[in-house]
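Just below is one structure, and these are the notes that go with it.
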Amino acid sequence: MTTTTPSKLERILAAGHFAVTSECGPPRSADPEVVAHKAQMLADFVDAINVTDNQTAVVRQCSLASCIRIKQLGLEPVLQMVTRDRNRIALQSDLLGAASFGIHNVLCLTGDHQSFGDHPNAANVFDLDSTQLIQTVKMMRDECKLLSGFEMKDCPKMFIGAAENPFADPFEIRVSRLAKKVAAGAQFIQTQCIYNMEKFKKWMQGVVDRGLDGKVAVLAGLTPMKSVGMAKYMKSRVPGMDVPDDIIKRLAGVPKDKVAEEGIKICVEQIQELKEVKGVRGFHIMAIEWEEKVPEIVKAAGLYPRPQV
C-alpha cells in the first residue's frame, strides 16, 4: 500500500487551526490561463482551492484537469466530483487519476440536475449518489479495493469531503443527513453559504449535540454579496438558500457605489461571529467570479497569514 503525506488541508485541521478554502470556476473554453490566474490570486490566502465540476450543469473545463494545473503551480486543489455525469467506472478512474497527480482532497457531490444547465436534454447518470461516492472513496483508500472487488497495489490517499445545506427543508432532518455522510466516511464538510446566522447556529447545536463535531470538520460557507439584486435573486430564486430580509435592507440602505463594500463587510462580520460557534473548524469562501476579493476578506477577518504546517 502507498503511504503519502496527508494533504495540507488535512494537516491544517489536524493542527487545530481554522482552515480557509475558496473555489474557482473553470472557464467555458479551453483557455489554460483562467484557472491559473484565479488560483494565483488565492494562493497566499487559503489552504486549498476547490475547482467546481460543471457547476449548475453548464459545460466547463473539467475539474480534474484544472486541479492538475493548480497542483503544478505548487498549490493545493480540492477536486469536486459530481455523480450526475459519470458512472462508477468513470468515477473510480478519475479518482485514481487524481491521486496519481498528488491530488488528495475530494468533495463528493450529487450535482445539479441537468435541466438547470445548458444541455437540459442530456441523459443523466446518477449511478451513485454523493453518500455512495463517499463510501467508494473510503473503500478505495482504506481497503485498496475497487467496487468490483479488485485489489489495487497502490491506494489513492484521499481526504474526503462532502457538502451540506443546513437551510433546506425539512430542517429537522438536516443533522441526520450530515450524520449519514459522516458514517459513510466524510472527514470535512463545506456548507451552503450562510446568511441566516441563527438558523445555522441552531443546526450547529444539533451537530454538537450528536457528537458529530468530533468526527467531521465543518467549514462554514460564505458568499459576499455584490449587489442588492444578487441578494434578492438568491433569496427568491436559488433553492435551499435562506437570505433574511435584514441583509437585503442593509445592502439597500447604503449608496449604490458602496453596496459591494458593504457586502464584504457583512461577510467579514459573519466570519468573526462564526469563529465563536462551537464545532466550526474553518471557512469556505465562495466569491463567485469575484475571487480578487478573497484576500481582502481573509485579511480583514484576521485569518492571515495562513499557518504553515
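The values are calculated or read from the model by the stated rules, or taken from the named source; none is laboratory data. Because the structure is a prediction, the values reported are computed rather than measured. FYI the Cβ positions are ideal-geometry reconstructions off the backbone, even for glycines, and counts take in every protein chain you see.
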Filter region 46-65 down to the residues that are within 16 Å of the chain's Cα centre (by Cα) and over 18 Å from residue 112 (Cβ atoms) and list them by number. 46, 47, 48, 49, 64
Applying the selection to region 33-45, what residues are over 16 Å from the mean Cα position of the chain (by Cα) and either aliphatic (A, V, I, L, M) or in a strand (DSSP E or B) (or both)? 34, 35, 36, 41, 43
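Could you check region 204-225 and list, in sequence order, the residues that are of a type in the set (D, E, K, R), assigned to a helix (DSSP H, G or I) and closer than 25 Å to residue 48 by Cα? Write out each step before concluding.
At the first step, the residues of region 204-225 found to be of a type in the set (D, E, K, R) are 209-210, 213, 215.
Of the ones still in play, those that are also assigned to a helix (DSSP H, G or I) are 209, 213.
Within region 204-225, 213 is the sole residue that qualifies.
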When region 58-78 is examined, which residues are found to be within 21 Å of residue 284 (Cα to Cα) and either touching a Lys or Arg at 6+ places or on another chain (Cβ under 8 Å) or crowded, with 23+ Cβ neighbours inside 10 Å (or both)? 63, 66, 67, 70, 76, 77, 78
Pick from region 292-303 the residues that are in contact (Cβ under 8 Å) with a residue 60 or more places away in the chain and either among the polar types (S, T, N, Q) or crowded, with 21+ Cβ neighbours inside 10 Å (or both): which of them is nearest to residue 12 (Cα to Cα)? 303
Would you check which residues across region 89-121 are among the β-branched types (Val, Ile, Thr) and under 13 Å from residue 54 (Cα atoms) and list them? 110
Any chance you could count how many residues in region 127-150 are of a type in the set (A, V, I, L, M, F, W, C) and either modelled with pLDDT under 95 or closer than 14 Å to residue 186 by Cα (or both)? 5
Search result, residues across region 263-300 that are farther than 24 Å from residue 245 by Cα, outside any strand (DSSP E or B) and among the aliphatic types (A, V, I, L, M): 294, 298, 300
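Does region 8-52 hold any residues that are of a type in the set (D, E, K, R) and farther than 28 Å from residue 279 by Cα, and which are they?
If the condition is that a residue be of a type in the set (D, E, K, R) and farther than 28 Å from residue 279 by Cα, then 28, 31, 33, 38 are the ones that fit.
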Against the condition in contact (Cβ under 8 Å) with a residue 40 or more places away in the chain and either aromatic (Phe, Trp, Tyr) or closer than 19 Å to residue 135 by Cα (or both), how does residue 220 come out, does it pass? no
Given the criterion crowded, with 19+ Cβ neighbours inside 10 Å and farther than 20 Å from residue 6 by Cβ, identify the matching residue among 187, 205, 192. 192
Mind checking whether some residue in region 226-249 is under 20 Å from residue 169 (Cβ atoms), in a strand (DSSP E or B) and in contact (Cβ under 8 Å) with a residue 60 or more places away in the chain? no
